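The values are calculated or read from the model by the stated rules, or taken from the named source; none is laboratory data. Since the structure is predicted, the reported quantities are computational estimates derived from the model, not experimental observations. When we count neighbours, we look across all protein chains shown, and the Cβ atoms used for this are built from the backbone with ideal geometry, even at glycine.
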Amino acid sequence: MNALILTCNTGEGHNSVSAAVREALLARGQNCEIVDALSFLPSGASEIICGVHVGMYRHMPKAYKTGYRKAETRPMSFEENSPVRRIVALGAEKLHAFVEAGGYDCLICPHVISSLIVTETMDRYPDMAVQTCNIATDYTCSPMTEDSRLDWYFVPDEGIAGDFIDAGVPAEKLVCIHGVPVRREFYSRIPGPQARRALGLPAKARHALMMFGSMGCGPIAKLTELLADAIPRDAYLTVICGTNDSLEKKLKKAAAGRENVRIIGYTEDVSLLMDSADIFITKPGGISTSEAAVKGLPMVLVDTVASCESYNMRLFCRRGGAVTADTPEELAELCAELLKDGRRRKMMSERLAGRENSAEEVCGKLMEAYPSEDEDGYQTEKATV
């Protein structure tokens, strides 16, 4: 297989899923590259899409929520000459040339935008010999997914398969997997005391980890202030600010003198930090919640944007692996209670246990379309899509 993953640089979540699938394919001896789908659009279009998405998500969450809800109830048209169709059509010729030049035979889309660009490209160039798929990165069917026409749609929980069918995705194209794909490192766990020592924390200390995505958005400042006062004196709080440099500076200044509060910026040590933590305070992004679920790490979820993330929060709260509250004050109190209640944390962790490697599940399904060698070294044809 020579796969091309078309991510979308509107946030690190889609890139993380792309990395997880690529990692699994490479481990199976397959070829795989990751490219930003927006790079096939004219530079102006790409910059506008990224700028609007990131700007609204970080600075205007209420407007982002309104836009998402409108997209759910009144989907934008993907008919010929519609605005969306015209935008994605701008990338068709360039993507086709890239796929042909690279000899790719599998296109993997972890974003609706890339799914629509691939759909338009396949319509314009029907002789392209590739299999195609969409990987949902949230626990819902995102608006306009049904407008794409790909071979497979990987659904991260069988309980939401009906949402895709109701939206118009053919049932026979759905493949249910066990969670949003996350990198292999999250499936290995370092014992808590060992992880805390590696981070310079007391081995027996209780530890709360807070992270609100790579963009560091949400009520982090308010929650940090409240949590610093609410958690037990012998407990520690680590706050990850992601790429939000101004927030990092602000919190470091506010936390000066508090030895049990640590403020860090963007980090590659999320897996280790999760291993060291007793609870995880986060917005309910599809990737961060899936990473925590794989770790069996109890979650306190903060609904900051109320878009697709609301569905993620609903699923994990219903499963018993997460809890939430309405106000920052109630959230801080809830976190303090959980840090004191080891029995409840254990119960929540058990509700998250037993998840299979969904990136491996994706790879296994995709590889069914390719010939394999039998015991004598001869190729055996497999079913094609």
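Only one of the listed residues (Tyr153, Tyr139, Tyr125) is in contact (Cβ under 8 Å) with a residue 40 or more places away in the chain and either crowded, with 19+ Cβ neighbours inside 10 Å or under 24 Å from Lys94 (Cα atoms) (or both). That residue is Tyr139.
Within segment 176-197, the set of residues being surrounded by fewer than 17 Cβ atoms within 10 Å (Cβ to Cβ), within 24 Å of Met313 (Cα to Cα) and of a type in the set (A, V, I, L, M, F, W, C) comprises just one member, Cys176. Within segment 309-319, the only residue that satisfies the criterion of being more than 17 Å from Glu158 (Cα to Cα) and surrounded by fewer than 24 Cβ atoms within 10 Å (Cβ to Cβ) is Ser310. For segment 256-289, a residue qualifies if it is of a type in the set (S, T, N, Q) and free of Cβ contacts under 8 Å to residues at least 24 places away in the same chain, but none of them does.
Filtering segment 93-122 to residues that are in contact (Cβ under 8 Å) with a residue 40 or more places away in the chain and among the aliphatic types (A, V, I, L, M) leaves Leu95, Val99, Leu107, Ile108, Ile113, Ile117, Val118. Looking across segment 238-266, the residues that are at pLDDT 90 or above and among the β-branched types (Val, Ile, Thr) come down to Thr238, Val239, Ile240, Val261, Ile263, Ile264.
Of the residues Gly51, Gly44, which is modelled with pLDDT under 60, surrounded by fewer than 18 Cβ atoms within 10 Å (Cβ to Cβ) and either out of contact with any Ser or Thr (no Cβ under 6 Å at 6 or more places or on another chain) or under 20 Å from Asp138 (Cα atoms) (or both)?
The conditions single out Gly51.
Scan segment 177-203 for residues that are outside any helix (DSSP H, G or I) and within 16 Å of the chain's Cα centre (by Cα) and jot them down. Give the steps one after another, and end with the answer.
Going through segment 177-203, the residues outside any helix (DSSP H, G or I) turn out to be 177-183, 188-191, 199-203.
Residues satisfying the conditions are Ile177, His178, Gly179, Val180, Pro181, Val182, Arg183.
With respect to the conditions (1) farther than 20 Å from Gly286 by Cβ; (2) touching a residue at least 24 places away in the same chain (Cβ under 8 Å); (3) not small (Gly, Ala, Ser), Pro170 lacks only one, and its number is (2). Restricting attention to segment 195-214, the residues that are closer than 12 Å to Leu272 by Cα and touching a residue at least 60 places away in the same chain (Cβ under 8 Å) total 5. Scanning segment 143-178 for residues that are touching a Phe, Trp or Tyr at 6+ places or on another chain (Cβ under 9 Å) and closer than 14 Å to Ala359 by Cα turns up Tyr153, Val155, Pro156, Asp157, Val175, Cys176, Ile177. Looking only at segment 290-299, decide whether some residue is within 16 Å of the chain's Cα centre (by Cα) and either farther than 29 Å from Ser358 by Cβ or without any contact (Cβ under 8 Å) to a residue 12 or more places away in the chain (or both). Looking for residues that are within 16 Å of the chain's Cα centre (by Cα) and either farther than 29 Å from Ser358 by Cβ or without any contact (Cβ under 8 Å) to a residue 12 or more places away in the chain (or both), one finds none in segment 290-299, hence no.
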